[in-house]
Amino acid sequence: MYCAASAVISAQVPRGRVLEGGCGWRLALWSATVALVCCASAGAATVTVNVTDPTGKPLPQAVVMIEPVTGKLPAPPMASVQVAQVKRQFVPRVSVVTVGTSVAFPNQDTVRHHVYSFSPTKNFELKLYSGVPAQPVLFDKTGIAVLGCNIHDQMAAWIVVVDTPYHAVSDAEGIARVQGVAAGNYQLKVWHPGLQGASDGVSQPLTATAANIDKAVRLPIDMNPLVPQP
């Protein structure tokens, strides 16, 4: 792939020349870094996914994941992730984190909560507490963790743990944008708590190039647990 910045830098720093002051290696290192960033950015795309329900209405809080067909991509743990308790609800209701991410569970209510998950992805309990627990919870396995409160049955939340750096959650308009997707062949996966019969989500092939991509995904949800039922 051609990178204009790389060509400019190469022209400005002739091969074999040692710069005065002995700082040539620093300029060379800086030049290489700029060239790599430039080339990586030139080949990256933004994937925009429009998620709707069976009636075609926008579906907020759907998790979009883009996973390579072969191999794994570096997906470092995320920083400063929290799922708060506010007005006897989890906020946010749906989260996506990478493997190895620690999640804090601050209680911002005036009542105590007992947060738990019995999911295979993460089994834990934070027994009756106020304020912020001393230690966050480490999510070290891919999958979906369903959260609840042992005191308030109406409270529920979902944490999706992934091993890809390409992920997003759809907004109020059902739009999820994943930026910086490198060229390659992927599986585009979309998941929502309403997918009772397809816990792993709905998937389709995706080929990324340097051009931005728009996708529309209609999820066959049975019901939406994020919306109060009459």
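The values are calculated or read from the model by the stated rules, or taken from the named source; none is laboratory data. These numbers were taken from a predicted model, which means no experiment stands behind them. When the accessible area is computed, the model is the full protein with side chains, heavy atoms only, and any ligands, DNA or RNA have been set aside. Shrake-Rupley method; radii C 1.70, N 1.55, O 1.52, S 1.80 Å.
Residue by residue through the stretch 121-133, what is 3J(HN,Hα) from phi via Karplus (6.51 cos²θ - 1.76 cosθ + 1.60, θ = phi - 60°)? Round to whole Hz and write x for glycine and proline.
Computed from phi, the couplings for the stretch 121-133 are 5, 7, 10, 7, 9, 10, 5, 2, 8, 10, x, 10, x Hz.
Roughly speaking, to the nearest percent, how much of the stretch 98-153's 1.4 Å accessible area is carbon and sulfur?
51
With N denoting the number of residues in the stretch 111-168, provide Rg(C-alpha) divided by 2.2 N^0.38 Å, to two decimal places.
Ratio of Cα Rg to 2.2 N^0.38 Å: 1.21.
Collect residues whose amide H, placed 1.01 Å from N in the peptide plane, falls under 5 Å from the amide H of Asn212; neighbours closer than 5 in sequence don't count.
Here the answer is Thr46, since their amide H atoms fall under 5 Å of that of Asn212.
Quick one: accessible area per residue over the stretch 73-185, 1.4 Å probe, rounded to a whole number of Å²?
Here the per-residue accessible area is 49 Å².
Can you list residues from other chains, or at least 5 along the same chain, whose modelled amide H is less than 5 Å from the amide H of Gln89?
Placed amide hydrogens put nothing under 5 Å from Gln89.
Could you state how much accessible area Val64 has, in square angstrom rounded to the nearest 10, with a 1.4 Å probe and all protein chains kept in place?
0
Excluding same-chain residues fewer than 8 positions from Lys141, which lysines have a Cα within less than 23 Å of its Cα?
Hits, sequence-local ones excluded: Lys72, Lys122, Lys127, Lys189.
If amide H atoms are built 1.01 Å from N in the plane of the peptide, which residues on other chains or at least 5 residues away come under 5 Å of the amide H of Val96?
Those lying under 5 Å, H to H, from Val96 are Val160.
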